[in-house]
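This report concerns only the one structure given below.
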Amino acid sequence: MNTKEIESKWQKYWEDNNIFVAKNNSDKPKYYYLVEFPYPSGSGLHVGHVRSYTALDAMSRKKRMEGYNVLFPIGWDAFGAPAEQYAIKNHIHPKEAVKENIKVFKQQVKNLGISFDWSREFSTTDPEYYKWTQWQFLKFFEHGMAYKAKKDINWCPVCKTGLSNEDSSGGVCERCGSKVVQKEKEQWMLKMSDYSQKLLDGLADTEFLDRIKIAQINWIGKSEGAEVDFDLTVNDKLKVYTTRPDTLFGCTFMVVSPEHPILEKYADVIKNIKEIREYQKKAKEKTEFERTELVKEKTGVKIEGIEAINPLNGNKIPLFTADYVMMHYGTGAIMAVPAHDERDYEFAKKFNMPIIEVIKGGESLPYTGDGEMINSDFLNGIKTKKEAISKMIDVLESKKIAVRKTNYKLQDWIFSRQRFWGEPIPLVYCEKCGWQAVPYDQLPVLLPDVAHYEPTDDGESPLANITEWVNTTCPKCGGPAKRETDTMPNWAGSSWYYLRYMDAHNDKEFVSQEALKYWGMVDYYNGGMEHATRHLLYARFWHKFLYDIGLVPTKEPFKKRVAHGMILGSNGEKMSKSKGNVINPDDMVNKYGADALRCYEMFIGDYSQDAAWSDAGLNGCRKFLDRIVRLKDKVVDDNKYSSNLEILINQTIKKVTNDLDNMKYNTAVSSLMILLNEYEKQDKITKEDYHILLILLNPISPHITEELNEQCGFNPICLSKWPTYDENKLENDSYELVVQVNGKVRGKIEVNTDTSEEEMENLAKNLDNVKKYIENKEIVKIITIPKKLVNIVIK
RNA sequence: GCUUGUGUGGCGGAACUGGUAGACGCGCACGACUCAAAAUCGUGUGGCUUUUGGUCAUGUGGGUUCGAUUCCCACCACAAGCACCA
């Protein structure tokens, strides 16, 4: 039988016998493995998918054999811009495009023999699924967590469409190449920032990899400081946020963001308002890219006619507006301390502002640490940052001009997209009653079938053009109303899909409480590093909100989160069509077989590290499997391990078991290669020797091992128990003792395991090559490591 | 700039808690089989060397230690993410 036939035979067997279908009630302990569900793009499966799917598949298969009720599901994340653009270009409905792509993807995944539970499959674009996405959005709305706000978006004036940051990188529209500008739009927002602290604290309940935790912590960006009020010469106050209030005596000017309301409020007082308006306009035209990457040089305009007053010494301080201060962080205004802040320093140099040192040690940044306070009145002489900050805040608080304040970089979630291919936001606007939720019994709000998906001229979603859909009645007063035409972002559907898998076809609830209780948290979640911040934070936020309103029983969705490395092209660069280094998994399956491809991707290197593709390496794994097939000729009927192989077999069981548990797939494969090498040296091996090799390799290369196993007359491996090893049979009765002189290896002796330390030393000293070195030398000491080495230290 | 990660043969990569650096695989060389090639099998394979031995070698430079790829300090290179966050 050839590879293809064997693979489809066993894939059919698993499917026909529901081997991988998880039960929602079982006496067995549960375990939930999750891979990030794929975006079914037109280009098909990537070899990177093969890596992570195989890895978790191997774990799942082993866990089932260990007696667990394993949930290992798969679905499709199919809303979003790529599908929409594909549809616009090819003049087909995105629904149809998605259907086609899923079909292709599904076949590709099935050809790999991944043990997914297909009975729970769904797509985020199924009305039966997005009904519940909309339902949950209404929960946010009901609890005051959704609100509308004006936000700047990246806007391509030629395509007349909003762009994501990725599609506008370099300040240029990805599609037409024209310059991207900032345009203000009304957008639905979710109050994610309310959850900043909870998202931070919740990490303690997880076992995410450290680097993933760190990425989340940095993204949330907590900082502690104070808000300080500065009096203005116009009988008003300016509130600033600072993490270093202790440097207040070093403040020589202040800066507000170009969007700061104070500029409009005192437009008639500001003498150079024209100049300022000009600057505001320019700042708005700048894209995020220009504002950060291109223009490092500070720009700004002095605000003539208003000054601030230092609350401690009454000094008048000039006021500027500059775009290096962001409106969306802190209060949109800062006290500039040029002696100790690099940005303020650059600005001061350019605009000739005075620089007053308040921390001894020169132009060090405030963050660099402790230093003695100078030029600071009551703080003079204090030597630690902590004490100085604390004393300053006490003084300011007693004068009621400051409060302690914690800030987060994490912002609210912009939840609107002006696109066709997304979940409609289930709200209607009534002139009389304002925004109203679509009643729950009217969900889902279906995407209408239309012929054109292009955005409107003013950048509204194409849905805005479908008047018969937009015009509706107000659920509250029954009068005329209009539907919200924005749709949800891609991140919405992916924020709760892991819950839906628990109860994928429930048409009464988004997921039943029994299913939630039974499956609990996802035990093991694998995904790319690129999702370690956004997706993972959105999903955690979503889940925590559901928990707070009593809809899910756990505070966190995922127990453990791991990340795989990328598979790079054979030139070591990221695979891309333009570089011509893309490997199509189908081609590899056809040429080498799914088992060899899976084995190779596990063997390619450390799972969490990037690895470059090599056809030759894949062929090596093909040869490894072929050798196992040929090995069958040496098998003789015997139901015990060969006595001379027993130790190695037990060691290999231990090694493979531990390695699969710890994502060390590459060394698991190599230990099986070592076992095979040893088998091949024998004239005969027993059936049981062969059997154990097949079982241990099965999670990685399941088809060929099942086939050979069947040919030997054993029960299917997928229904067997994972093997255990005998603790007493892990050690040989002799080992190679290493003898060193001054840390350098000078000899090796084969000795019995029970050789005493004294004997070890004697044997070592009597080695000819060792004698040479220690003759006529003083032995300072001898270090003896049992079962390892003897090191003789001489002078 | 900041954060994180990574630097080991010709290549992918191993190395437990500080204890033989280079497991395993690829590639390469030679040999066997073959008319021949492929496949397969066998042997060898870090550099240098006076080769049963010696010596150098895990990005660079220091340090701790009987002993360092592993721990500490400083630096260099590459990759990814964030990016004027006060």
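Quick notes on this one:
- Of all lysines in the structure, the ones whose alpha carbon falls short of 16 Å from that of A:Lys654, not counting any fewer than 8 places away in one chain, are A:Lys62, A:Lys63, A:Lys664, A:Lys721, A:Lys729.
- For region A:432-513, carbon and sulfur atoms together expose 51% of the accessible surface, with a 1.4 angstrom probe and every protein chain in place.
- Rounded Å value of the spacing that divides the Cα centres of region A:448-481 and region A:550-570: 37 Å
- Lys-Lys pairs in region A:384-461 that are eight or more residues apart or on separate chains and whose Cα atoms lie under 30 Å of each other come to 14.
- Here the Karplus relation 6.51 cos²θ - 1.76 cosθ + 1.60, evaluated at θ = phi - 60°, turns the backbone of region A:641-649 into coupling constants of 5, 4, 5, 7, 9, 3, 4, 4, 4 Hz, with x for every Gly and Pro.
- Annotation: amide H of A:Phe320 within the under-5 Å range of A:Met254, A:Val255, A:Val256, A:Ile303, sequence separation 5 or more or interchain, hydrogens built in the peptide plane.
- Relative contact order (percent, whole number), region A:1-129, Cα cutoff 8 Å, 6+ residue spacing: 35 percent
- For chain A, the solvent-accessible area works out to 46 Å² per residue, with a probe of 1.4 Å and every protein chain left in place.
- For chain A, the relative contact order works out to 14 percent when only alpha carbon pairs closer than 8 Å and six or more residues apart are counted.
- Residues with amide H under 5 Å from that of A:Gly747, placed H, sequence gap 5 or more: A:Val739
- Mean projected area (nm²) of the alpha-carbon convex hull when chain A is viewed from all directions: 45.7 nm²
- Accessible area of region A:1-141 belonging to carbon and sulfur atoms, whole % at 1.4 Å probe: 51 percent
- Degrees separating the helix A:3-16 axis from the principal Cα axis of chain A, which is the longest one: 70 degrees
- Residue-count net charge about A:Gly747 - beta-carbon cut-off 11 Å; Lys, Arg +1, Asp, Glu -1: +4
- Ordered from highest to lowest accessible area with the whole protein assembly present and a 1.4 Å probe, A:Tyr773, A:Tyr497 read as A:Tyr773, A:Tyr497.
- For region A:35-78 versus region A:666-681, the inter-centroid distance based on Cα atoms is 26 Å.
- Potential lengthening of the chain between A:Lys383 and A:Asn313 amounts to 23.0 nm, from the contour at 0.36 nm per residue minus the alpha-carbon distance.
- Ranked packing of A:244-251, A:306-313, most packed first, by mean Cβ within 10 Å: A:244-251, A:306-313
- When A:Arg61, A:Arg417 are compared by accessible area at a 1.4 angstrom probe, the order from most to least is A:Arg417, A:Arg61.
- Of A:His46, A:His91, the residue with the largest accessible area leads and the full order is A:His91, A:His46 (1.4 Å probe).
- Centre-to-centre separation between the Cα atoms of region A:99-156 and those of region A:365-412: 47 Å.
- Karplus-derived HN-Hα couplings along region A:56-69 (A = 6.51, B = -1.76, C = 1.60, θ = phi - 60°), whole Hz, x at Gly and Pro: 6, 4, 4, 5, 4, 4, 5, 4, 4, 5, 8, x, 9, 8
- Just the protein heavy atoms count here, and of the accessible area of region A:537-597 at 1.4 Å, carbon and sulfur take up 46 percent.
- Between 0 and 90°, nearest 10: helix A:702-711 axis offset from chain A longest Cα axis: 20 degrees
- Heavy atoms of A:Tyr725: accessible area, 1.4 Å probe, square angstrom to 10: 70 Å²
- A cut-off of 5 Å between modelled amide H atoms, ignoring neighbours fewer than 5 places along the same chain, links A:Lys185 with A:Lys151, A:Asp152, A:Ile153.
- Across region A:318-332, coupling constants 3J(HN,Hα) worked out from phi with the 6.51/-1.76/1.60 Karplus curve, θ = phi - 60°, read x, 10, 10, 10, 7, 7, 7, 9, 9, 5, 7, 10, x, 10, x Hz, and Gly and Pro carry x.
- Heavy-atom accessible surface of A:Asp268, to the nearest 10 Å², is about 140 Å², with a 1.4 Å probe and all protein chains retained.
The values are calculated or read from the model by the stated rules, or taken from the named source; none is laboratory data. All values derive from a computational prediction rather than experimental measurement. Glycine gets a Cβ as well: all are built from the backbone with ideal geometry, and neighbour counts include every protein chain shown. With ligands, DNA and RNA removed, areas are computed over all heavy atoms of the protein, side chains included. Shrake-Rupley method; radii C 1.70, N 1.55, O 1.52, S 1.80 Å.
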